[in-house]
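What follows is a single structure, written as structure tokens, with notes after it.
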Amino acid sequence: MEDPLVGKAAEILSRARRVVALTGAGISAESGVPTFRGKDGLWRQFRAEDLATPEAFARDPKLVWEWYEWRRGLIARCAPNAGHVTLAAWERVFPRFTLITQNVDGLHPSAGSTNILELHGNIWKVRCTREGTVTDNRDVPLREIPPHCPSCGALLRPHIVWFGESLDQAVIGRAFKESAACEVMVVVGTSAIVHPAASLPHYAAEAGAAVIEVNPDPTPLSPYATVSLRGPAGQLLSTLKPRETVS
Ligand code: BJW
């Protein structure tokens, strides 16, 4: 028998034309990518301030790159799951669908999503610390640690937003705009504590959107959600069956 909350969420989605999904590390958990704050999360094993801040990189770029090298190797062995695939299909289901992700693993584009706002960057891109140029880099393993810019020789860094760093203004600006304009925001697999991403569902709700949360555990967003679906994203998202393709 269908869970009544799943039915309610599907009903809300069936009436919507402008939909935003906001995803976090939990959507990639079923692909084998560790989350940050869960039971086996990265921040249980490593200290964020030793690895994911500009100060940590300035102090010891080799250590920070070794950590990224390990994660790149791990993610390279992971494939998109049913949750990523469902959200990629939603681009063809809703007349306007935007995917906002905090994830840096690149599994959404691998699943076929194209209209994506990557708030915290992408682990498969590197940035020159002198020129600011961003380039794709899929080398596993990296050719050197830490890597250097082939054009100017300066240190390269991961193209990732670390704690205390500003998000790309164009990207976060579009994310707020889409959040204000959507009728439904589906918030998947995030602990909803890292800002400014965590503000987006509240911004959407204040502008009149319904908020559907998909997460096995409650979060600070749960009391504000229109519907909270408790369970794994891969399974739940594929059971949310909005109507067929609309134009
Ligand atoms: C499942 C599941 C399944 C499990 N299905 N679900 C107070 C003090 C200090 C700083 C601040 C402060 N207040 C605000 C700040 C600023 C800070 C911040 O928000 N800190 C908070 C922790 C308090 N924010 C910033 O610094 C941002 N910049 C900024 O604000 O600039 C201006 C400014 C600067 C300084 C001060 C104030 C303002 C930048 C944030 C950058 C975040 N970067 C990281 C990258 C790490 C490095 C890397 O990836 O390589 O982004 S941190 C990490 O957290 C990563 C994630 O994108 C982000 C969010 O995590 P997420 O996705 O929610 O994952 P988890 O693990 O937390 O949750 C997983 C969820 O999945 C759980 O709920 C599970 O239940 C669920 N789940 N299995 C569905 N199968």
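Structure notes:
- Filtered by the rule that a residue be within 12 Å of the ligand (Cβ to nearest atom) and among the polar types (S, T, N, Q), segment 162-203 gives S166, Q169, T190, S191, S199.
- The single condition among (1) under 14 Å from R18 (Cβ atoms); (2) buried (at least 20 other Cβ atoms within 10 Å of the Cβ); (3) more than 12 Å from the ligand (Cβ to nearest atom) that A225 does not meet is (1).
- Residue count, segment 177-232 (criterion: part of a loop (DSSP other than H, G, I, E, B) and under 18 Å from S14 (Cα atoms)): 6
- The criterion of at least 2 residues that are closer than 30 Å to A154 by Cβ is met by the following strands (runs of 3 or more DSSP E) wholly inside segment 9-119: 116-118.
- The residues of segment 152-161 that are near the ligand (Cβ under 6 Å from one of its atoms) and in a loop (DSSP other than H, G, I, E, B) amount to a single one, V161.
- Taken as a whole, the condition of being free of Cβ contacts under 8 Å to residues at least 24 places away in the same chain, surrounded by fewer than 21 Cβ atoms within 10 Å (Cβ to Cβ) and away from the ligand (no atom under 14 Å from the Cβ) applies to A58.
- Taken over segment 162-176, the criterion of being part of a helix (DSSP H, G or I) and aromatic (F, W, Y) is satisfied by F176 alone.
- When L240, L236, L167 are checked against the criterion of being buried (at least 21 other Cβ atoms within 10 Å of the Cβ) and either in contact (Cβ under 8 Å) with a residue 12 or more places away in the chain or not basic (K, R) (or both), a single residue qualifies: L236.
We did not get these values from a lab; they are worked out from the coordinates using the rules stated. From a predicted model like this one, the values you see are computed outputs, not experimental measurements. With ideal geometry, Cβ positions are generated from the backbone for all residues, glycine too; neighbour counts draw on all protein chains shown.
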